[in-house]
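Each reported figure results from applying straightforward, stated rules to the coordinates on display, with no laboratory input. Quick caveat, the model's predicted, so the values are computed rather than measured. Note that we place each Cβ from the backbone using ideal geometry, even for glycine, and neighbour counts take in every protein chain shown.
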Amino acid sequence: MWNEKIEKMPADKLQTEQSKSLKSLVNLVYKNVEFYKKRMDDFGVKPTDIKDINDISKLPFTTKQDMREVYPLGLCAADKKDIVEVHMSSGTTGTPVVNSYTLEDIEIWSEVMARTLAQGGATSEDILQNAYGYGLFTGGFGVHYGGRKMGCFTIPISGGNTNRQLQVMRDFGSTLITCTPSYSLYLAEAGKEAGMDFSKMPLKAGFFGAEAWSETMRTEIEAKLHLKAYDIYGLTEIIGPGVAGECEAQEGLHFFEDHFYPEIINPDTGEVLPDGEKGELVITTLTRTGTPVLRYRTRDITYIFKEKCSCGRTHRRIHRLLGRTDDMLIIRGVNIFPSQIENVLLKQKGIEPHYLLVIDRVNNLDTLEVQVEMSDDLAFDSIKVVEKVEHDIAHALHNELLISAKVKLVAPKSIQRSEGKAKRIVDNRNI
Amino acid sequence: MIKQISVFMENKPGILLDMTKLLSAKNVNIKTLSLADTAEFGIARLIVDNPDGVAEMLKSNGFNARTTSVLAVEVPDQVGGLAMVLEVITEAGINVEYMYGFVEKKHPDKALLVFKVEEVDRAAEHLKSKGLNLVSKDDIS
């Protein structure tokens, strides 16, 4: 266990700590963040109304839209000169969501990521192959800080370049791998083709996140790569990876509650639900100053376990994600809303904005096909005209959303119309 | 110049059969049909009598059809017939997008070459000036 004192802290003591942190947080954001001062004033709540952690439900929510509106640094509660790093959400048209970190924030990130790795048995002896992308995406750096804090031999190989991943894994004898679950299966297949026998490799654990996966997929990953596969959870709005993670029991993800406070709410009414009931996950960053967030509505659906975990940790666990309250798609780890694709399509010539998104998983990688109706007047008689329209759309999708999609023009009025909410997504992934 | 019907089709089994059945039910005689295909879709190009009417009929039956102006050049059905026409087109710097040919019932010794070109009017003028026989819709039967 990385930090036994905190991780096994008795529940009442943990609550006392959380209450203390929440009070300082509310004072801080009321004083330093214009957005929250106004939001709290509009909501009719003062910092003095917050006396303990249970008063958290008196605070207003924060949405993704709010975070876009305060772009770039509108939630920063620290002095700008104390910001040492910034990350941003990928795959958004228009305004991205920004998270800025003070040195203390980076220290928190390192701590929660070290806990995440330790929960899967990592020690300073381990060789960590970090195949999450480095850059504005939070995955690469978050894992990196955790590995460094723990003292792992950390290999910042970043995402992609499968041949090199396999070579490094073999030559350095990586014992830990971090990437998306689908990419781990892709690596397993590619390794097998290259003649690698994973049962003879020193790999012992993998930490997989950034997209939804299932128990079936876990079984498959564990069988093919001969390691234990751990689910980890995080999001750019809060810090990145390191918000919650599975322990050796692999029964739910422990929330690092001393830093990130989870609530489950009814997404329609906003009412807080008791542990054990399914609803939308809401998170408050109790200790951050670079980008403190009050009651962030994740739109992720899960529940908090009522039972204590057999591992002895007292921090509550969430069930692996059960879905979304909105129509957000996660394709190869990139978050995409159909409305973003629609916005790109609206600017294109030769088509009508009637579309169908077909998502599949081929050779363990997500694929997206965008079927879109051609305009009535498109001179489709020439193949190159059709192919140019398809190519231009694919190019625009890649430029604006950073996704690779196959675009397929279909005949006018061939996509099914429906009353009310249109069916625009066919997800054939079996996850 | 004549009008050709183009029908956009997804690559699905039976779709061409559905269209030809419909044409036969409506008593439309296909003078010639040429198919272009990619991995994802196909385009059927047809020469029929009354192309505008047939295109409308296809549309109202759910087919994605439109008409396109193409050049139809009559050449003797013999060696070198196509090369001769292409030479004339090439020397005018006109780009051919696609072409196909068929033999008419009325003149079994003549072949009809259908060309889709950019700048169709200029191409037609040029071919005529070189003494080639451009066919209009009334000539085909």
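Numerical summary
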| quantity | calculated |
| --- | --- |
| Centroid-to-centroid separation of segment A:364-431 and segment A:1-80 [C-alpha atoms, Å] | 43 Å |
| Number of partner chain Cβ atoms within 10 Å, mean per residue of A:385-391 | 2 |
| Mean shadow area of segment A:1-150 over all directions, Cα convex hull, nm² | 10.5 nm² |
| For q = 0.09, 0.12, 0.15 Å⁻¹, Debye-computed log10 I/I(0) when each Cα of segment A:4-326 counts as one equal scatterer | -0.45, -0.80, -1.23 |
| For residues of A:375-381, the mean tally of beta carbons on other chains within 10 Å | 5 |
| Distance (nanometres) between label positions extended 7 Å along Cα→Cβ at A:Arg170 and A:Lys347 | 4.4 nm |
| Anisotropy class of segment A:303-378 from Cα gyration tensor, a/c 1.5 cut | prolate |
| Centroid-to-centroid separation of segment A:151-201 and segment A:227-254 [C-alpha atoms, Å] | 20 Å |
| Dimensionless Rg/Rh of chain B - Kirkwood Rh, Rg from C-alpha atoms | 0.98 |
| For segment B:2-68, alpha-carbon Rg relative to the globular expectation (2.2 N^0.38 Å, N residues) | 1.00 |
| Förster radius 41 Å - calculated FRET efficiency between A:Asp327 and A:His226, Cβ distance, rounded to 0.05 | 0.65 |
| Calculated FRET value between B:Leu86 and A:Asp427, using beta carbons and R₀ = 51 Å, to 0.05 | 0.55 |
| Neighbour cut-off at most 14 other Cβ (10 Å), DSSP loop, trypsin sites (Lys or Arg not before Pro), segment B:62-141 | B:Lys105, B:Lys106, B:Lys130 |
| Helix runs (DSSP H) in chain B reaching 20 Å along axis by Cα, Kyte-Doolittle at least 0.5 | none |
| Sites A:Arg148 and B:Ser136, calculated FRET efficiency, Cβ-Cβ separation with R0 56 Å, nearest 0.05 | 0.10 |
| Chain A: relative contact order as a whole-number percent, Cα under 8 Å and 6+ apart | 14 percent |
| Proxy reagent accessibility, fewest Cβ within 10 Å first, across A:Cys179, A:Cys309 | A:Cys309, A:Cys179 |
| Average beta-carbon neighbours from other chains, 10 Å sphere, peptide A:56-62 | 0 |
| Prolate/oblate/rounded label for segment A:334-427 (Cα gyration tensor, a/c 1.5) | oblate |
| Segment B:98-109 - phi-based ³J(HN,Hα) in whole Hz, Karplus 6.51/-1.76/1.60, Gly and Pro as x | 7, 7, 8, x, 7, 10, 7, 5, 5, 10, x, 8 |
| Within segment A:299-333, backbone nitrogen closer than 19 Å to the virtual label 7 Å beyond the Cα of A:Met1 toward Cβ | A:305-318 |
| Cα point-scatterer Debye curve for the protein assembly as shown, base-10 log of I(q)/I(0) at q = 0.12 Å⁻¹ | -1.10 |
| Between segment B:66-125 and segment A:324-356, the alpha-carbon center distance in angstrom | 44 Å |
| Placed amide H near A:Arg332: partners under 5 Å, 5+ positions off or other chain | A:Asp366 |
